Amino acid sequence: MTQPLFSRTPVLNGSDAVSTRKEFLEYFLTTFNRYEQLFETLADENSYQIKSIALRHPLIFYFGHTATFYLNKLLLAGLLTERINPKLEATFAVGVDEMGWDDLNDANYDWPSSAEVRHYRHQVRDAVQNLIETAPLTLPIDWNHPWWVIIMGIEHERIHLETSSVLIRQQALELVQSHAAWQACTRSGDAPQNDLVSIPAGKVFLDKKDNAAEYGWDNEYGLHEADVAEFQASRYLVSNAEFLEFVTAGGYAQDNLWAEEGLMWRKFTLATHPTFWLRKDESWWLRLMTEEVPMPWDWPAEVNYHEAKAFCNWKAQKTGLKVRLPSEDEWYRLYDFAKVAKVKNGEVTASNIHLDHAASPYPVTDFRHGELFDVTGNVWQWTETPIYPFSGFKVHPLYDDFTTPTFDGRHNLLKGGSWISAGNEALHSARYAFRRHFFQHAGFRYVVADELASVPASHYETDKLISEYAEFHYGDSYFGVANFTKSLAEIAISAMKDKPARKALDLGCASGRATFELARHFEYVAGVDFSVRLIESGIQMAEKGELHYTLVDEGQLVSYKTRTLASLGLENLKGKVEFSQGDACNLKPLLTSYDLILAANLIDRLYSPQKFLSHIHERLNIGGILLIASPYTWLEEHTKRDEWVGGFKRNAENFTTLDGLKEQLSGHFRLVAAPVDVPFVIRETKRKFQHSLSEVTLWERIS
């Protein structure tokens, strides 16, 4: 019996709530079950616990991460009210993305067993299934709809279905096993001779709106228009046979073919051929997900951007033609020129995509799209375009760091999808970008065209909240009020006196100014914040020494700001700071042994300040200083009423936050000075400001 097609991404703007609920449930369960089925290719517990590559967590993390994502997002949306396993939900929450190829992080994690994670996943499955079956549903579903986070969780798991399959492909062969649901294509023949197809000039027009029929990630929305000149494109994806010419010509040894970043990667990794190619005696073999097979020369070559770019440079040198990778806009022209059919419900795709065929690539001659082949499917296709935001880009409030961390000029777009790309990934509108050293099920086709003009980039941060924080930390002073974060750092440093000054923690660091200021005194300072969007400002300052953002003046009128570390006298401190994401109420074990902890305007925005206060001493050395600053603006939208530290009546008497701090910290701390008020001003527009007072208390750990 033929296995049913893997369900397609649901229509969100229908009118029948009953059928939409049924479609959501099927989409959720087929995705959840298929994801677990993928991990059945792992042979034993070691397969989960041993890293497949040094730059990523072991596979147990990814097994648990997608379930945790459902829980965390549904809690944020208010669709669920209770956690299932707080320990696992902290363990699996952050740390997904690959590190730099030269950043080998050997942090020690206490990973749970696969059985424990599988049990947790099934608890999550039951909770989400019950939600889909019983939660109120009105149509249509758009960004602001509570059910948006449900489809977000499902599409997120489909992304990890693909990225986890790549990690399994990189796992040691003895740690994986064959599986009936993940069988590769067995056909191969002679590779075709590639040639060029002329693609006429044309326009690109993209304008995905919030009420679109199908789910999208934030970077897909907004307006984009472009005129694309005529160019030529290779008829086929570059096959293993065509790429072999580059390998045998010594392409990996010719430094002049590699861009600077690619050359650094090649020398670091000592690569001499594609990573999935294996040399056995005198023959080439190919590593697939669970097996090694004799090289299928007519399958697409799977490489990273650096290798694809070096091949194009070699091809240009060999032919005298202007050979390069296509831009994103040129790929859209290929799509329109080829009249590629959209993935539809109930129909097998005319591309090797969406798991409709086999668990591997196919020959590059199998899926014709007009005069071209594999415009979509088989393997992703690298482009020359670093990802950038379209006009009108905005982040979703429940996933503010999906794309924005990639607006750094170092993440290039891939287009077209691979054999396992499903759901949103298989749509024409999909925009996914990876670091250029990254391995996906990705290959490339080349074009012959003039050199690209400078590619679009996100030079100025335009998100209002992020820009306001950037100005608050690094910008001008208003109404004679000194920079708040600098003032707090100075108070903290003054309180240290002759105490050790090895390590400090800036907890709730936001954009990171205090992290740098503390580095004037401490040997090392960690800046930690829950929002990746906020700490990106600090990371950019540490990496580039400058920050660009826009400030609202009035209405649609903005001013453009550039701030530098040099202008603040902080340029030489970049090597002493490090930024990371973390939950102040559930910090990673490695965040410990500090001489100072600064918690600025933090406690009245935590979901459990009492938990924070009861454990913070564990992170601080005896004799260390804890500085707490807060305006004590307790709000139930941030903190449940029974978690407030103060600001209420107790036994008919006023009970202030300072009273609560003394009560909760007295077991491990002593108050070392009288509280002081430190003012701060936040600029909202040119003529609107928030002027507040934060009470600062200093606590010395005594036990």
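Values in this text are rule-based calculations from the coordinates and carry no lab data. The structure presented is a predicted model; accordingly, all values stated were derived computationally and were not measured. A quick note on method: Cβ atoms are made from the backbone with ideal geometry, for glycine too, and the neighbour counts reach across all protein chains shown.
Observations on the model:
- With only Cα atoms counted, segment 153-274 has Rg and Dmax values of 20.5, 52 Å.
- For segment 221-246 versus segment 127-192, the inter-centroid distance based on Cα atoms is 27 Å.
- The calculated pair-distance distribution of segment 17-175 uses every alpha carbon pair, bins of 5 angstrom beginning at 0, and gives 1, 8, 19, 21, 19, 13, 9, 6, 3, 1, 0 percent.
- Of the peptides 513-520, 502-509, the order by per-residue mean of other Cβ atoms within 10 Å, starting with the highest, comes out as 513-520, 502-509.
- Net charge dipole size for segment 464-701 [Lys, Arg +1 and Asp, Glu -1 on Cβ; Debye, nearest 20]: 220
- Ile420, Ile132 arranged by Cβ crowding within 10 Å, fewest neighbours leading: Ile132, Ile420
- Farthest toward positive dipole pole in the chain [+1 Lys/Arg, -1 Asp/Glu at C-beta], among Phe472, Leu598, Phe6: Leu598
- Charge-dipole axis of segment 17-175 as Lys and Arg at +1 and Asp and Glu at -1 on Cβ define it, positive-most pick from Gln37, Gln170, Ala54: Gln37
- Mean residue ellipticity (222 nm) of the chain, computed from DSSP H runs ≥ 4 via -39,500 (n - 2.57), nearest 500: -9000 deg cm²/dmol
- The stretch between Ile50 and Lys280, if pulled fully straight at 0.36 nm per residue, gains 80.3 nm over its current Cα-Cα span.
- Computed over neighbours whose Cβ is under 15 Å from that of Thr365, the net charge equals -3, Lys and Arg +1, Asp and Glu -1.
- Among 686-693, 297-304, 380-387, sorting by the average number of other beta carbon atoms lying within 10 angstrom of each residue, highest first, gives 297-304, 380-387, 686-693.
- Reported label for calculated Cα extents along the principal axes in Å given (i) 88, 68, 45; (ii) 83, 55, 54; (iii) 90, 59, 53: (ii)
- Computed E for Val672/Gln183 - FRET, C-beta separation, R0 60 angstrom, nearest 0.05: 0.35
- Two-site label geometry, Ser567 and Glu523: point separation in nm, points 7 Å out along Cα→Cβ: 3.4
- Cα centroids of segment 654-701 and segment 389-436: 41 Å apart.
- From least to most packed, judged by other beta carbons within 10 angstrom and beginning with the fewest, Thr30, Thr319 follow the order Thr319, Thr30.
- Among Phe337, Thr697, Thr403 - extreme Cα towards positive end, dipole of the chain, charges at beta-carbon: Thr697
- Separation in nanometres of the label points that stand 7 Å from Cα toward Cβ, at Ala316 and Asp110: 5.4
- When the alpha-carbon atoms of segment 464-701 are used, the pair Rg, Dmax equals 17.5, 55 angstrom.
- If R0 equals 30 Å, the separation of the Cβ atoms of Ser198 and Ala341 corresponds to a calculated FRET efficiency of about 0.85.
- Highest average packing first - 672-679, 21-28, Cβ atoms within 10 Å: 21-28, 672-679
- Counting every other Cβ atom within 10 Å of each residue's Cβ, Met264, Met541 order from fewest to most as Met264, Met541.
- Rel. contact order, % - alpha carbon contacts under 8 angstrom, at least six apart, segment 464-701: 20
- If R0 is taken as 22 Å, the Cβ-Cβ distance between Ser477 and His691 corresponds to a FRET efficiency of 0.95.
- Label-to-label distance for Ala652 and Lys611 is 3.6 nm, based on points extended 7 Å past Cα in the beta-carbon direction.
- Dipole magnitude (debye, nearest 20) for the chain, charges at Cβ of Lys, Arg, Asp, Glu: 740
- Rounded to the nearest 20 debye, the dipole magnitude of segment 17-175 is 420 debye, with +1 charges on Lys and Arg beta carbons, -1 on Asp and Glu beta carbons, and the Cα centre as origin.
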